[in-house]
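For reference, the structure discussed in these notes is given below.
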Amino acid sequence: MSLTVSDFSSVIVEYTTTTEDSPGQKRVERGRITFIDGSRLVTYESRKGSRFKYGYQWMNPADETIFRWDNTPHFPEFATFPHHRHVGADEVAEPHAFVSLIDVLTIIAQRITSG
């Protein structure tokens with residue numbers, strides 16, 4: 001995650017990461033990123049073999065969700081299943097293609113720098 005985050009240093013104030021390795025080859029990486037506008041991103045990535053789970057929640061300074069992208073399989077009716085995103089403080093779910101941490105940071109950086 002450090003290498004990815006360093007590419008966005010112009011909009012990042014601070015970040016922390018933790019990595020947990022457990023028996024069975026499971027690796028969990030968690031992160032917290034604070035941006036120059038006071039918003040923050042909480043990240044979760046879990047890998048076990050070929051399985052990859054993710055969640056990226058971007059919140060405003062009041063801790064209200066702006067977007068949350070994840071692949072928790074709870075919207076089978078979406079064409080992008082299991083990938084989707086939640087929008088706004090009400091976290092309304094909508095179909096959304098897979099996103100990587102780089103994709104999310106790119107979206108956030110563009111929104112922050114465009115005002």
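Taking only protein heavy atoms and a 1.4 Å probe, what accessible area per residue, in Å², does the chain have with all protein chains in place? Mind dumping the intermediate values first?
Details: 6690 Å² over 115 residues.
On a per-residue basis, the chain sits at 58 Å².
With charges only on Cβ, +1 for K and R and -1 for D and E, what is the dipole size of the chain about its Cα centre, in debye, rounded to 20?
Values: 12 positive and 15 negative charges, 88 e Å.
With Lys and Arg at +1 and Asp and Glu at -1, about 420 debye.
Given the chain, what whole percent of its Cα pairs are spread farther than 18 Å?
Working: 3402 of 6555 pairs.
Value for the chain: 52 percent of Cα pairs lie more than 18 Å apart.
Rank 33, 49, 67 by how far each Cα sits towards the positive end of the charge dipole of the chain (+1 on Lys, Arg Cβ; -1 on Asp, Glu Cβ) and give me just the farthest.
Comparing the listed Cα positions along the dipole, 49 ranks first.
Heavy atoms only, probe 1.4 Å: what % of the accessible area of the chain goes to carbon and sulfur, would you let me know?
Values: 3430 of 6690 Å².
Exposed carbon and sulfur together represent 51 percent of the surface.
Taking a point 7 angstrom from the Cα of residue 90 along the C-beta vector, which residues in the stretch 53-76 have backbone N less than 17 Å away?
Under cut-off, by backbone N: 64-68.
The values are calculated or read from the model by the stated rules, or taken from the named source; none is laboratory data. These numbers were taken from a predicted model, which means no experiment stands behind them. Here Cβ is always computed from backbone atoms with ideal geometry, including for glycine, and neighbour counts include all displayed protein chains. Ligands, DNA and RNA are excluded from the accessible area calculation, which covers all protein heavy atoms including side chains. Shrake-Rupley method; radii C 1.70, N 1.55, O 1.52, S 1.80 Å.
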